[in-house]
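The values are calculated or read from the model by the stated rules, or taken from the named source; none is laboratory data. Given the structure is predicted, the values throughout are model-derived calculations rather than measurements. Backbone-built Cβ (ideal geometry, glycine too); neighbour counts: all protein chains shown. With ligands, DNA and RNA removed, areas are computed over all heavy atoms of the protein, side chains included. Shrake-Rupley method; radii C 1.70, N 1.55, O 1.52, S 1.80 Å.
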Amino acid sequence: MEKIEDKEEQGLTLQVHDASSLSFNTRLKWFAISFISGIFFCILGTGLLCLPGGIKIFAVFYTFGNTAALASTCFSMGPVKQLKKMFETMRLLATVMLLCFVLNLCAALWWHEKGLAVLFCRLQLLSMTWNSLSYIPYARGAVIKCCSSLLS
């Protein structure tokens, strides 16, 4: 009985993988589209910050832009692999960005706290940067060394 269930689970996993696998060119195109739109929405949100009630628009566009930029990596390496990598021990601190996405929207839309919204946006930027650096060999170490030499 267990062998049949194992076969069904493996079959389902292969079906999901086959259904979601894209060609390299398609992944590359969607990576670029997602990443560029993410940057666009972040810049647009920052530009709309000056409008009345702009903090709400800013928080939504900025968070959407960061989400789109993060989704771009799902196209380059696949969503399952991306999620597994995000929750690895060395990247766990960088995954705080997901919490910042939610807290940013809460601060701007429901709590009406501009200071907190700006703080969570900054934390999003820092965690996204730290997460990006984790994919470049020795980049985090170089940043830490550079910052420590500047502080001393």
Are there any trypsin sites (Lys or Arg not before Pro) in the range 109-152 that are in a DSSP loop and have at most 10 other Cβ atoms within 10 Å? List them by number.
none
Report the extension gain between LEU51 and SER21 in nm, rounded to one decimal, defined as 0.36 nm multiplied by the number of residues separating them, less their alpha carbon distance.
6.6 nm
The range 17-113: radius of gyration over Cα atoms, expressed as a fraction of 2.2 N^0.38 Å:
1.23
Put a dot 7 Å past each Cα toward the Cβ at ILE136 and PHE40; how far apart are the dots in nm?
2.5
Karplus-derived 3J(HN,Hα), 6.51/-1.76/1.60, for each residue of the range 135-146, Hz, glycine and proline x:
8, 9, x, 6, 5, 4, x, 5, 5, 4, 5, 4
With 10 Å bins from 0: P(r) over the range 68-136, alpha-carbon pairs, percent
21, 47, 24, 7
How large is the accessible surface of ILE136 in square angstrom, using a 1.4 angstrom probe and rounding to the nearest 10?
90
If you average the C-alpha positions of the range 55-89 and of the range 111-152 separately, how far apart do those two centres end up, in angstrom?
16
Going through the range 27-129, which chymotrypsin sites (Phe, Trp or Tyr not before Pro) have at most 14 other Cβ atoms within 10 Å and a DSSP loop state?
PHE87, TRP111
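Would you tally the net charge around MET128, using a Cβ to Cβ cut-off of less than 12 Å, leaving MET128 out, and scoring K and R as +1, D and E as -1? Please list the in-between numbers first.
Numbers: positive: ARG91, ARG122; negative: none.
Surrounding charge for MET128 is +2.
Rounded to a whole number of µm²/s, how large is the Stokes-Einstein D of the range 50-98 at 25 °C and 0.890 mPa s, given Rh as the Kirkwood radius over C-alpha pairs? Kindly include the intermediate steps, with their values, before the conclusion.
Numbers: Rh = 12.3 Å.
D, rounded to a whole number, is 200 µm²/s.
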Pull out the extension gain between GLU113 and LYS145, defined as 0.36 nm times the separation in residues minus the alpha carbon to alpha carbon distance; nm, one decimal.
8.0 nm
Heads up, I need the accessible area for THR89: 1.4 angstrom probe, whole protein in place, Å², nearest 10.
130
